[in-house]
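Just below is one structure, and these are the notes that go with it.
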Amino acid sequence: MDRTAKHDAWSAGQSYEHYMGRWSRRIAAEFIDRLDAPEGLDWIDIGCGTGALTATILERTNPRSVLGIDPAEGFVNHARDTIPDTRARFDVGDAQSLPTETDSADVVASALAINFVPDKTAALKEMRRVVRPGGTISFYVWDYPGGGIGFIDAFWKAAAAIDPKAADLDEGARFPFCTPDGLAAMSRDAGLPVSVAPIEIETTFPSFEDFWTPFTLGAGPAPGYCMSLPEHDRQRLKERLAADVGSDGPVTLVARAWAVTSEIS
């Protein structure tokens, strides 16, 4: 495993919820409302994680069914445990070879996951395979190159100030294609005509400690890196972050994603 990926510890569902899940749910609502899909459709949620997008689909679109697929068994188990709706089911599976039939869904969606798939073109072609004619493919990713997810951007800048090698782990460096032009080109390579639009939310932490604690839980690249540090260096990182974002009162930063949508004829 290379240095840039070794801290991608995503399997702990509850820790992920504290780190990213609350914001994933907020942006999922924005995404689904903009998609404006009719009721009664069959959905597939690729890279479903702990179920943030699946839960939002169930709450806001009244679907006939939702199939959530994720490679991490811990996430799948967490989603099964927390989403009892009988219209939803969850399977462990690979986005590059989806465990479902051709033309089996009206909408294929993915939330904040496609950038972690090794062969993204293969994943997009699989989405095209499983969506029905007249259906929709749509996914979104954080605007990492633009510093769009503010609290992660602040973390890596503080980490790099203390440990220059940490810059290699910054998602902005790892996922340079997460821009409108990069995402459109990637989709065209898979034969998908697309539109790309921004989605933004504010992430507000009641205190600096609330901002800092998720980085100590180990689920995700930044928390994985944080907890790999010796205690002394971790404390230095905490102090640098406090100086950068403020240690008194709430911490509010913008989180921006790019949403890619393709209507299939």
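Classify the range 118-207 as rounded, prolate or oblate, taking a ≥ b ≥ c as the square roots of the eigenvalues of its Cα gyration tensor: rounded when a/c is under 1.5, otherwise prolate if a/b is larger than b/c and oblate if not.
prolate
Among (1) 0.99; (2) 1.05; (3) 0.95, find the value of Cα Rg over 2.2 N^0.38 Å that was calculated from the structure presented, and write down its label.
Here the calculated entry is (1).
Put +1 on the Cβ of each Lys and Arg and -1 on the Cβ of each Asp and Glu in the chain; which of Leu192, Pro38, Val254 then has its Cα farthest toward the positive end of the dipole?
Leu192
Take every Cα pair under 8 Å in the chain that's 6+ residues apart, average their separations, divide by the length, and report that relative contact order as a whole percent.
With pairs under 8 Å counted, the relative contact order is 22 percent.
Kindly write out, for the range 188-199 in residue order, the coupling ³J(HN,Hα) from the Karplus curve 6.51 cos²θ - 1.76 cosθ + 1.60 (θ = phi - 60°), rounded to whole Hz, with x marking Gly and Pro.
4, 4, 8, x, 10, x, 9, 10, 10, 9, x, 10
List the residues, sorted by chain then number, that are 5 or more residues from Cys48 or on another chain and whose placed amide H is less than 5 Å from its amide H.
Ile69, Asp70
What are the ³J(HN,Hα) couplings of the range 162-178, residue after residue, when phi is run through the Karplus curve with 6.51, -1.76, 1.60 and θ = phi - 60°? Round to Hz, x for glycine and proline.
Each residue of the range 162-178 in turn: 9, 10, x, 5, 5, 4, 5, 8, 4, 4, x, 7, 6, 10, x, 7, 7 Hz.
May I ask what percent, to the nearest 5, of DSSP beta bridges between residues of the range 25-167 are antiparallel?
Here the antiparallel bridges make up roughly 5 percent for the range 25-167.
Between Thr86 and Ser195, 0.36 nm times their residue separation minus their Cα-Cα distance comes to what?
So the chain would gain 36.0 nm between Thr86 and Ser195.
Where a number appears in this text, it was derived from the coordinates with a stated rule and is not lab data. Computed from a prediction, not measured in an experiment: that's the story for all the values here. Quick reminder, even Gly has a Cβ in these numbers, built from the backbone with ideal geometry, and neighbours come from all protein chains shown.
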